[in-house]
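Colleague: Before I ask anything, let me first share the structure, which is written out below as structure tokens.
Here, each number is a calculation from the coordinates, and none is a lab measurement. A quick note: this is a predicted structure, and the numbers were derived from the prediction, not measured. Because the Cβ atoms are built from the backbone with ideal geometry, glycine has one as well, and the counts that use them run over all protein chains shown.
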Amino acid sequence: SQQGEEDPQALSIQEGENATMNCSYKTSINNLQWYRQNSGRGLVHLILIRSNEREKHSGRLRVTLDTSKKSSSLLITASRAADTASYFCATDARDYKLSFGAGTTVTVRA
Amino acid sequence: GAVVSQHPSRVICKSGTSVKIECRSLDFQATTMFWYRQFPKKSLMLMATSNEGSKATYEQGVEKDKFLINHASLTLSTLTVTSAHPEDSSFYICSATTGTSGRSDEQYFGPGTRLTVT
């Protein structure tokens, strides 16, 4: 079953602006992962943050994790048109199975 | 990095027929593969976990006789949608893990298969 809730459902920004999206979950986790999906395509793994980590960076991506609030955020800095996609968080809570959030659709306007 | 392929990428079939989707790990041995289903503009829902040489474990609400999963080798898992109906139309995505523990941080996703049942 789905565990993650993502906010907002949709986000429209101008190229060059930052995009922030949030993910909340319900149970204890081993790690939390963020994925990107372009329309009609498969998933691209962006970043994994473990339960004992608070922040992680990868290029223009910054992920935070607050296990006390059971939430995570993904920040994309200096957005580009190519960042237009749906972004999903996924938690590893039950053994090794991933539970995906509902996703945030990001549109970057040129 | 590890690559997972799916075949076919798109398939259209008539109602009542069966269709098989393949998931292959191209450059690694996958002890565990997962099958997901995604409706338009929705999230991925885990359907089943497939372990090489043993029966698949289905998530609650997924009909195992409807969605037959076979994991005959360490590089191939197949999902067969039997007696397909229009409501089975969806995007099916597989993932594979390299770890013997099946840890999710080693999962690699395929590009997905778009199934349309007419």
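Colleague: Starting from the coordinates of the alpha-carbon atoms of the protein assembly as shown, obtain the Kirkwood hydrodynamic radius over all distinct pairs and give the value in Å to one decimal.
Modeller: When all Cα pairs of the protein assembly as shown are included, the Kirkwood radius is 18.0 Å.
Colleague: The stretch B:19-118: which GluC sites (Glu not before Pro) are DSSP loop and have at most 10 other beta-carbon atoms within 10 angstrom?
Modeller: Sites meeting the loop and neighbour criteria: B:E63.
Colleague: If the rule is a partner Cβ under 4.7 Å, which cysteines in the protein assembly as shown fail it?
Modeller: Cysteines of the protein assembly as shown left without a disulfide-compatible partner: B:C13.
Colleague: Here is a further query. Whole Å is fine, so just give me how far the alpha carbon centre of the stretch B:31-92 lies from that of the stretch A:38-84.
Modeller: Their Cα centres are 27 Å away from one another.
Colleague: Please figure out what share of the DSSP beta bridges in chain A is antiparallel and state it in percent, rounded to the nearest 5.
Modeller: 90 percent
Colleague: Let me ask something else. Pairs of alpha-carbon atoms within less than 8 angstrom and 6+ residues apart define the contacts here; what relative contact order does chain B have, in percent?
Modeller: 36 percent
Colleague: Let me spell out the model: positive unit charges on the Cβ of Lys and Arg, negative unit charges on the Cβ of Asp and Glu, origin at the Cα centre of chain A. What dipole size does that give, in debye rounded to 20?
Modeller: 180 debye
Colleague: Arranged by the count of other C-beta atoms within 10 angstrom, fewest first, what order do B:L74, B:L115, A:L32, A:L43 take?
Modeller: B:L74, B:L115, A:L43, A:L32
Colleague: Now for a different question. Ordered by residue, what ³J(HN,Hα) values in Hz, to whole numbers, does the stretch B:66-71 give under the Karplus form 6.51 cos²θ - 1.76 cosθ + 1.60, where θ = phi - 60° and Gly and Pro are x?
Modeller: Result, ordered by residue: 8, 10, 8, 10, 10, 10 Hz.
Colleague: Using Cα pairs closer than 8 Å and at least 6 residues apart in sequence, work out the relative contact order for chain A, in percent.
Modeller: It comes to 39 percent, rounded to a whole number.
Colleague: Which three numbers, in whole Å and largest first, are the semi-axes of the equivalent ellipsoid of the stretch B:15-118 derived from its Cα gyration tensor as √(5λ)?
Modeller: So the equivalent ellipsoid measures 22, 14, 12 Å along its semi-axes.
Colleague: Here's another thing I want to ask about it. Pairs B:K14/B:K55; B:K20/B:K64; A:K70/B:K41: which exceed 20 Å Cα-Cα?
Modeller: Over 20 Å Cα-Cα: B:K14/B:K55; A:K70/B:K41.
Colleague: Out of A:A93, B:T118, A:S39, whose Cα points farthest toward the positive end of the dipole of the protein assembly as shown (charges: +1 Lys, Arg; -1 Asp, Glu; placed on Cβ)?
Modeller: B:T118
Colleague: Per residue of A:98-108, what is the mean number of Cβ atoms on other protein chains within 10 angstrom of that residue's Cβ?
Modeller: Per-residue shielding by partner chains comes out at 3.
Colleague: Which whole-Hz couplings ³J(HN,Hα) result when phi for each residue of the stretch A:45-62 is put into the Karplus expression 6.51 cos²θ - 1.76 cosθ + 1.60, θ = phi - 60°, listed in order with x for Gly and Pro?
Modeller: Each residue's phi maps through the Karplus curve to give 6, 9, 6, 10, 10, 7, 5, 9, 9, 10, 8, 8, 10, 8, x, 8, 9, 9 Hz.
Colleague: Which ³J(HN,Hα) values in Hz, rounded to whole numbers, follow from the phi angles of the stretch B:86-94 under the Karplus curve 6.51 cos²θ - 1.76 cosθ + 1.60, where θ = phi - 60° and Gly and Pro get x?
Modeller: Those phi angles translate into x, 6, 7, 4, 5, 9, 10, 10, 10 Hz.
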